[in-house]
Amino acid sequence: MPTRESPSQYATETHLIHGEFHSTSWDYTDHIVPPIGASTAYRLRSADRGAEGFGAFANPEFNRQQRAPIYIYDRLDEPTRGMLEQALARAEGSETAIAFTTGMAAISAALGVLVKNGDRIVAHRTIYGCTWSLLSNWMPRFGVETRFLDILNFDALEASLDDPRVMVVLFETPTNPTLELIDIAKVRAAVDRANAKRTKGRRIFIVVDNTFATPWSQRPLSLGADVVCHSLTKNIGGFGTDMGGVVCGPRLLEQDLLLYRKDFGAPLAPRSAWPTLVYGLPTLAVRSRQQIASAMAVAQMLEKHPAVERVFYPGLESHPQHAIAKVQMRDPHGEFSPGILVFFVVKGEPAEAKERGRLIMNYLATNALAVTLAVSLGQVRTLVEHPASMTHAVIPVEAQRDAGIEPGGIRLSMGVEATADILRDLETALAIVAG
Ligand SMILES: *Cc1c(COP(=O)(O)O)cnc(C)c1O
């Protein structure tokens, strides 16, 4: 019987549906669809079995991918979540995967096990708002400061790593919302140079938030990252019904991640793990292919549109880092897979562009079936948002550009509706501001 360690003859699509040949997490034989675990505590059969279970939990000697865990209590380990974790580890190509209640819980845990009082984090200046807030408002209370810099400036990155207190380099690629890309191999080279001067215990870890690309379009561990975080709430979950998060990484972090999750307490609920295991992952490949085809068609339409100033999509040759996209953003078959998000800027002076963005949102919200005005991303529905008049509306329009907010910038997350319908809804909305 093939195991995780032996190469599989089956494609990723197939494994996303079926998982492993045999799951150590749940010993069921006749279900096709895995059951939802619904037991907070587990019968232990004997005191000795209880002792064995506590001894095996978060024990580096115990490989939970190969041996059936002795379940004790949901917050420690649980079968439905365990099956999802095995499937996610395979998808990312990681030795372990530990699932949390939300993407933010996963990011907090990844950082929580890697840094301690006095350490420093280097983060890309453009980062998910709540990650920024975690780094700026909460981590300093525990004595961990973050230096935000433009990681695309590799000289600045290298210089920042001379600080012996730096333990983590954290970034997203593509970034939100402008879809900038960071060359993971270059960051790896810079970190390797810094690590060569350090002792083993003070090695810097590269943590990548891979939420935008999903493992379908990009596997950062194969490009040089050490740890990958995801919000499962987005395209891995895929249907917008449940929140979740995961940390994928080396086995050497598994013990601490499990202990951290046990004590800080944010394990993914089995009821939320189940839809991702049964609906999200099995459809990731077909959804992504359709979403990416629509993203490409929409990006090409927008690039030619007279009301549009600029389009940012890693699949377009005009994208400033198209060459990096071609290397990094590949599906498991090696096909170019530039993602499901498109960012574009409508024409006009700042105040005018912001007003046009607002009008387009209002038009789509009331008239479009194929495009929905909402935050979040990675659903079967195409979602649109305009940061300047929505999430960042409090920043005065004159100051928005300096704050990295394009007044006319609109972000689209492609769904799986008919591409022609998405195109028509967007073209009709753009027509109202074109004249
Ligand atoms: C949504 C998101 C998160 C946070 O995930 P939650 O599940 O909402 O906690 C983190 N990073 C990125 C890039 C996201 O899009």
Checked region 268-315 for anything part of a helix (DSSP H, G or I) and small (Gly, Ala, Ser); matches are SER272, ALA273, GLY280, ALA285, SER288, ALA293, SER294, ALA295, ALA297, ALA299
So is LEU284 modelled with pLDDT of 95 or more, more than 21 Å from the chain's Cα centre (by Cα) and open to solvent by less than 10 Å² (accessible area, probe 1.4 Å) or not?
no
Is it fair to say LEU302 is open to solvent by 10 Å² or more (accessible area, probe 1.4 Å) and away from the ligand (no atom under 16 Å from the Cβ)?
no
Say we look at region 202-231 and pick out the residues that are farther than 25 Å from PHE336 by Cβ and outside any helix (DSSP H, G or I); which of these is nearest to the ligand (Cβ to nearest atom)?
VAL207
For region 72-116, which residues satisfy the criterion of being closer than 27 Å to SER136 by Cα and either without any contact (Cβ under 8 Å) to a residue 12 or more places away in the chain or of a type outside the set (A, V, I, L, M) (or both)?
PHE100, THR101, THR102, GLY103, SER108, GLY112, LYS116
Take ILE121 and decide whether it is within 16 Å of the ligand (Cβ to nearest atom), assigned to a loop (DSSP other than H, G, I, E, B) and not acidic (Asp, Glu).
no
Restricting attention to region 206-220, does a residue exist that is open to solvent by 10 Å² or more (accessible area, probe 1.4 Å) and over 12 Å from the mean Cα position of the chain (by Cα)?
no
For residues that are in a helix (DSSP H, G or I), open to solvent by 10 Å² or more (accessible area, probe 1.4 Å) and out of contact with any Leu (no Cβ under 8 Å at 6 or more places or on another chain), tally how many sit in region 417-435.
8
Tell me, which residue of region 103-124 that is surrounded by 15 or more Cβ atoms within 10 Å (Cβ to Cβ) and charged (D, E, K, R) is nearest to ALA403 (Cα to Cα)?
ARG120
Going residue by residue through region 165-187, is there one that turns out to be open to solvent by 50 Å² or more (accessible area, probe 1.4 Å) and either within 13 Å of the ligand (Cβ to nearest atom) or of a type in the set (Ser, Thr, Tyr) (or both)?
no
Regarding THR80, is this residue within 16 Å of the ligand (Cβ to nearest atom) and not hydrophobic (A, V, I, L, M, F, W, C)?
no
Just name the residue that is farthest from the ligand (Cβ to nearest atom) out of those in region 86-104 that are under 26 Å from GLY201 (Cβ atoms) and among the hydrophobic types (A, V, I, L, M, F, W, C).
ALA89
Residues located in region 350-377, provided they are open to solvent by 50 Å² or more (accessible area, probe 1.4 Å), under 30 Å from THR276 (Cβ atoms) and of a type outside the set (Val, Ile, Thr):
ALA365, LEU369, LEU373
If you go through region 378-416, how many residues are assigned to a loop (DSSP other than H, G, I, E, B), touching a residue at least 60 places away in the same chain (Cβ under 8 Å) and either open to solvent by 10 Å² or more (accessible area, probe 1.4 Å) or among the acidic types (Asp, Glu) (or both)?
7
The correct count of residues that are within 13 Å of the ligand (Cβ to nearest atom) and under 12 Å from ALA109 (Cα atoms) in region 232-257 is 3
So ILE127 clears everything in (1) within 18 Å of LEU114 (Cβ to Cβ); (2) at pLDDT 95 or above; (3) within 16 Å of the ligand (Cβ to nearest atom) except one condition, right? Which one?
(2)
Can you report the number of residues in region 63-96 which are among the aliphatic types (A, V, I, L, M), open to solvent by 30 Å² or more (accessible area, probe 1.4 Å) and touching a helix residue (DSSP H, G or I) at 6+ places or on another chain (Cβ under 8 Å)?
0
Can you find a residue that is within 17 Å of ASN176 (Cβ to Cβ) and either assigned to a loop (DSSP other than H, G, I, E, B) or in contact (Cβ under 8 Å) with a residue 24 or more places away in the chain (or both) anywhere in region 358-373?
no
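The values are calculated or read from the model by the stated rules, or taken from the named source; none is laboratory data. Computed from a prediction, not measured in an experiment: that's the story for all the values here. Methodologically, a virtual Cβ is constructed for each residue, glycine included, from the backbone with ideal geometry; neighbour enumeration extends over all protein chains shown. We work out accessible area using only protein heavy atoms, side chains counted, and drop any ligands, DNA or RNA first. Shrake-Rupley method; radii C 1.70, N 1.55, O 1.52, S 1.80 Å.
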